[in-house]
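> Mind looking over this structure? Questions follow.
None of the figures in this text is laboratory data; all of them are computed from the coordinates on show. The shown structure was predicted, so the numbers you read here are calculated from the model rather than taken from an experiment. No Cβ is skipped: glycine too gets one built from the backbone with ideal geometry, and neighbour counts run over all protein chains shown.
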Amino acid sequence: MEKISLLYKEEKTAFTQSTYDEQLLNYLAEKVGTPYYLTDEQKIGKNYSKLKQAYSIYKGPSLIAYSVKANFNPFVLNYLSKLDSYFDVTSPEELYFLLKSGGKPENVIYTSVTEMEEEYRNVMSKGIRRIVVSSMRGLYNALEAGKTLNITPEISIRVNPEVQVRAEVKSAMKVSKFGVPINGTNPESAYKMVKVLMDEPNVKFGGFHFHLGSQLEDPNAYVQALEKVKQLILKIKKEREFKINFLDIGGGTPVNYGVKVPSPDEIVKTIIDKINELVDVNGDFFTLAVESGRYIVAESTIMVSKIVNSKYYGNKKIIYLDAGYHYLLDIALLQQVYPLEVVGSNNETNEEKPMVVGRLCDSMDVFQVGPESKLDGAEPGKLVVIKNVGAYSIVFNMPFHSQVKPAIVYRTSDGKYYLARKRQELESLYEEEGGSLLREKLEIV
């Protein structure tokens, strides 16, 4: 690992409450260029522990599974592996990153979207045994992969509870790409898929999985979903001996981007009685799995950008950053409101907050300025901190305008700073985008 040596005390951190160490951030800007990401390992551990502690009131076994898609940086995966976290993985490529970074196959819940037989053979051959299927074809593909490899997987069924969800991104609509109907005449209902699974000799039936959405505002949606799962269990029990060993209630634990949201403790307080009802109906405890990507890593990371220009349009001040939505896609995709802070800001002026825009030639490249933003003293040359960007930002980096990937600096729990990703060289981007092939003229037909 390439350590970034500091010219002053190592115990200084950029994450002391709501203030930022101006000397540190400027030093890092000189060292790796702007914009750059700065990730604090301690914050990852703190939020992971909050989730784990919140669900510890469930009397049966429980686990927290980090959603690799939120941020697959090897430093992040390695740290969570050391905490013995479980992982929600959805592609062979994510699995490659995880295993290379120290993850254990026995700690993986593999939930594919495409559910191809060759994909299941791939991941099972690497030690994955806990599989979640989302279609009848996916079920048969997983079963066939297990037979081919002489492996007995544990298969759970992803259901779509079809409940009302108040969330930034919803996954439980009436017709969804995710999961199968719980009941009904549909040949791919969970009820009918359970019958297929239970009659297979070379497979373990795990249980059920659902995911309601991202940034859930009302935890009562979990209660409604759990009730539907309970009714399904009761229906099957009337026909045969049946119990689940595993229940995955997905993710959705929200992050505070400037608007009050329910905490993990508040969510658990709302849903724990319904979970206990399921235990009673089931006749035994099951392993309760809770997935989270955004909650665990979002608050761990800031982006540090530089103000490169400013102007007045009438009475409105506009400041231009050297970052944009190509590094923070949710700005355009979800109109995400990230808290912004000018480094060194004291926020004591009564000036109207300026408009903040990115460096892209695109009208959607505008930062929403929320009430928590501190933007006094915003002048060219100053640094701006963009907070809570650890989830679904780095993974969406794109080379719009031939822009290179920014550096990632990683602060470990013992206060050391490492380069977790080098700033991409422009020549490297050129070669990656076909520059070398232009010289080689590689004919394929």
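> Taking θ = phi - 60°, what integer Hz values does the Karplus form 6.51 cos²θ - 1.76 cosθ + 1.60 yield along the stretch 28-41, in sequence order, with x for Gly and Pro?
Each residue of the stretch 28-41 in turn: 5, 4, 5, 6, 10, x, 10, x, 9, 9, 10, 10, 10, 4 Hz.
> Per-residue HN-Hα couplings for the stretch 260-275, Karplus 6.51 cos²θ - 1.76 cosθ + 1.60 at θ = phi - 60°, whole Hz, x for Gly and Pro?
4, 9, x, 7, x, 4, 5, 5, 4, 4, 6, 10, 5, 5, 5, 4
> Using amide H atoms built in the peptide plane, which far-off residues or other-chain residues are under 5 Å from residue 160 H to H?
The list, which skips near neighbours in sequence, is 180, 182.
> Whole-Hz Karplus ³J(HN,Hα) for the stretch 179-188, in order, using 6.51 cos²θ - 1.76 cosθ + 1.60 and θ = phi - 60°, x for Gly and Pro?
x, 10, x, 6, 10, x, 7, 4, x, 10
> Now for a different question. Each label point is 7 Å from the Cα along the Cα-to-Cβ direction; what then is the distance between the points at residue 241 and residue 176, in nm?
About 3.3 nm, to one decimal.
> Select from 413, 135, 300 the residue whose mean-square fluctuation is largest in a Gaussian network model of the chain (Cα-Cα springs shorter than 10 Å).
413
> Let me ask something else about it. So, in nm, how far is label residue 277 from label residue 313 when the simple model puts each one 7 Å beyond its Cα toward the Cβ?
5.2
> Could you tell me the distance between the Cα centroids of the stretch 292-350 and the stretch 51-104, to the nearest Å?
The two parts, judged by their Cα centres, are 29 Å apart.
> What residue among 293, 377, 390 shows peak mean-square fluctuation when the chain is described by a Gaussian network model with Cα springs under 10 Å?
Maximum among the listed residues: 377.
> When the chain is fully extended, how far beyond the present Cα-Cα distance does residue 439 get from residue 422, taking 0.36 nm per residue of separation?
Net length gain for the segment: 3.5 nm.
> For the stretch 202-298, go through all pairs of different Cα atoms, get the mean of 1/r, take its inverse, and jot down that Kirkwood value in Å.
14.4 Å is the Kirkwood radius here.
> Could you state the number of Å between the C-alpha centres of the stretch 262-278 and the stretch 154-191?
The two parts, judged by their Cα centres, are 21 Å apart.
> Just to be sure I understand: with springs between alpha-carbon atoms less than 10 Å apart, which residue in 369, 384, 180 has the highest mean-square fluctuation in the Gaussian network model of the chain?
369
> Here is a follow-up. Label 7 Å along Cα→Cβ of residue 154; the stretch 80-109 residues with amide nitrogen under 14 Å?
Hits in the stretch 80-109 for residue 154 at 14 Å: 86-87, 105-109.
> Which one of 133, 272, 143 has its Cα pushed farthest toward the positive end of the charge dipole of the stretch 112-292, where Lys and Arg give +1 and Asp and Glu give -1 at the Cβ?
The residue sitting farthest along the positive end of the dipole is 143.
> Using modelled backbone amide H atoms (1.01 Å from N, in-plane), which distant-in-sequence or interchain residues come within less than 5 Å of residue 344's amide H?
20
> Please name which of 246, 438, 35 has its Cα lying farthest along the dipole of the chain towards the positive end, using unit charges on Cβ (Lys, Arg +1; Asp, Glu -1) and the Cα centre as origin.
246
> Taking log10 I(q)/I(0) by the Debye sum over Cα atoms at q = 0.08, 0.09, 0.12 Å⁻¹ straight from the coordinates, which label in (i) -0.52, -0.65, -1.05; (ii) -0.70, -0.81, -1.05; (iii) -0.47, -0.60, -1.12 is the correct one?
Entry (i).
> First measure r as the distance between the Cβ atoms of residue 265 and residue 204, then evaluate 1/(1 + (r/R0)^6) with R0 = 30 Å and state the FRET efficiency to the nearest 0.05.
My answer for the efficiency is 0.35.
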